[in-house]
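Notes follow once the structure below has been shown.
The values are calculated or read from the model by the stated rules, or taken from the named source; none is laboratory data. If you're wondering where the values come from, they're calculated on a predicted model, not measured in any experiment. Note that we place each Cβ from the backbone using ideal geometry, even for glycine, and neighbour counts take in every protein chain shown.
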Amino acid sequence: MAVVALGIILEFLGLYNIVGLLRIVTKGLPALWESALRIQNQKFDDVRVRVYQPKKPAAQKRKGFLYFHGGAGTYGSIDSYERVLRYFAKESDSVVVAVGYDLGPESPYPNQYNECLKAAVHFMKNPEEFGVDPNRIIIGGDSCGANFATRICQLLADRTDLPRVYSQVLIYPALQGVDFYLPSYQQNRRVPIMWREFVAYFACLYLKKDVSIISDVLESCHVPEDLKQKYSQWVSADLIPEEYKTRGYEPQDPALYKFKPQVYEQIKEVLDETFSPLLVEDAVIRKLPQTYILICEFDVVRDDGLLYKKRLEDNGVPVTLCHIKGGIHGVVSLFGYGIFSLPSAELIARDIMEFIKRL
């Protein structure tokens, strides 16, 4: 959080670019040699990937886990997640494929989704090359990577030329750009590492929009009244279980909402199903595979995961929910860093690994 705040200040002063600073900080330290895995950098349909394959012989074809990393679409990398990706491959005895999609804003939205989709299609068409069972392919990610995974699974739902996705794994997913007054946005507005304002700030950076509209976006002034009413069936504090409101919740003051057409025109992409996959119709939702959703108690986007859980279950999709008490956004990338790895990172990695093993 301090790094983000420092980056914003330096960028305001014209001294440094916040995205550049975050890319340096989140690069991660090189991991030691791993004898149990075969690790290869490859390209799937011109998209950079890293494949982690257990070396020990398998009695049957392994599960495949396609992973999209987080970082608001603007920072983060496969290297940032090296330790946790190795852990997933070793401990769940699965083939893990991490996708190194190009980052925004240099690579314009929605290139990230297109690259993730290309990598997924390639992997699902060629699983045998990696000893993977085509009927046991999992797609997942964390934060914006979970957003990508959510949308990719939706886009693949009707593909008859590919095997069906076996499961999706969504780690503290950010899934909508409609309502920033949900209980989790209020309760955790000043919790590291993702403040409420930072969500809108990075959305603007990612989409190459003027950050001067952040305040209006946080007050939902970018949402037309008719769409606000439509989306309320899926995005509303009324749909959040009461147990998650115990730390306080106040509905948005109606006086703060005033639709501003100019703001809508600037950032209407956040209402697209690509950016906000929580907004797809039920006909798509009911075709999705069994789902694992992990949320953290002290995370502004916690309620996105809860709302998607409800939508999935309402449409007959089995959901496993993991709620990390005391957890904060973004910690899984710290897994494996010893004293710098928070206990919640260990809990998250272990719970995901156990879920994959059980599939």
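Here are the numbers for this structure:
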{"quantity": "Among the residues listed as 326, 305, 316, 336, the single one being loosely packed, with under 15 Cβ neighbours inside 10 Å and outside any strand (DSSP E or B)", "calculated": "316"}
{"quantity": "Hits in the stretch 244-268 - residues which are closer than 28 Å to residue 314 by Cα and either outside any helix (DSSP H, G or I) or modelled with pLDDT of 95 or more (or both)", "calculated": "244, 246, 247, 248, 249, 250, 251, 252, 268"}
{"quantity": "Enumeration of residues in the stretch 1-50 that are in contact with a helix residue (DSSP H, G or I) (Cβ under 9 Å, 6 or more places away or on another chain), more than 19 Å from residue 69 (Cβ to Cβ) and either at pLDDT 90 or above or acidic (Asp, Glu) (or both)", "calculated": "11, 36"}
{"quantity": "Filter result for residue 239 (of a type outside the set (Asp, Glu), farther than 17 Å from residue 269 by Cα, crowded, with 16+ Cβ neighbours inside 10 Å and free of Cβ contacts under 8 Å to residues at least 40 places away in the same chain)", "calculated": "no"}
{"quantity": "First in the stretch 72-91 and at positive phi, second anywhere and of a type in the set (A, V, I, L, M, F, W, C) and not in a helix (DSSP H, G or I), Cβ under 7 Å, 6 or more apart", "calculated": "73/103"}
{"quantity": "Total residues in the stretch 240-272, condition among the hydrophobic types (A, V, I, L, M, F, W, C) and more than 22 Å from residue 203 (Cβ to Cβ)", "calculated": "1"}
{"quantity": "Enumerated strands (runs of 3 or more DSSP E) restricted to the stretch 53-160, each holding at least 2 residues that are surrounded by fewer than 20 Cβ atoms within 10 Å (Cβ to Cβ)", "calculated": "132-142"}
{"quantity": "Every residue from the stretch 180-199 that is in a loop (DSSP other than H, G, I, E, B) and in contact with an Asp or Glu (Cβ under 9 Å, 6 or more places away or on another chain)", "calculated": "180, 181, 182, 188, 189, 191, 194"}
{"quantity": "Matching residues, the stretch 17-66, being acidic (Asp, Glu) and more than 23 Å from the chain's Cα centre (by Cα)", "calculated": "34"}
{"quantity": "Number of the exception - residue 259 against (1) surrounded by 22 or more Cβ atoms within 10 Å (Cβ to Cβ); (2) in contact with a Pro (Cβ under 6 Å, 6 or more places away or on another chain); (3) free of Cβ contacts under 8 Å to residues at least 60 places away in the same chain", "calculated": "(1)"}
{"quantity": "Residue match in the stretch 123-137 (condition: in contact with a Ser or Thr (Cβ under 9 Å, 6 or more places away or on another chain), among the hydrophobic types (A, V, I, L, M, F, W, C), modelled with pLDDT of 95 or more and more than 25 Å from residue 337 (Cβ to Cβ))", "calculated": "yes"}
{"quantity": "Residue within the stretch 269-283 that is touching a strand residue (DSSP E or B) at 6+ places or on another chain (Cβ under 9 Å), farther than 24 Å from residue 196 by Cβ and not in a loop (DSSP other than H, G, I, E, B) present", "calculated": "no"}
{"quantity": "Top-ranked residue of the stretch 204-227 - restricted to ones that are part of a helix (DSSP H, G or I) and in contact with a helix residue (DSSP H, G or I) (Cβ under 6 Å, 6 or more places away or on another chain), ranked as surrounded by the most Cβ atoms within 10 Å (Cβ to Cβ)", "calculated": "217"}
{"quantity": "Condition check for residue 154: out of contact with any Gly (no Cβ under 6 Å at 6 or more places or on another chain), of a type in the set (S, T, N, Q), within 18 Å of residue 252 (Cβ to Cβ) and at pLDDT 95 or above", "calculated": "no"}
{"quantity": "Residue tally, condition touching a Gly at 6+ places or on another chain (Cβ under 9 Å) and surrounded by 17 or more Cβ atoms within 10 Å (Cβ to Cβ), over the stretch 22-52", "calculated": "7"}
{"quantity": "Selected residue (only one of 211, 169 is aliphatic (A, V, I, L, M) and either touching a strand residue (DSSP E or B) at 6+ places or on another chain (Cβ under 7 Å) or in contact (Cβ under 8 Å) with a residue 12 or more places away in the chain (or both))", "calculated": "169"}
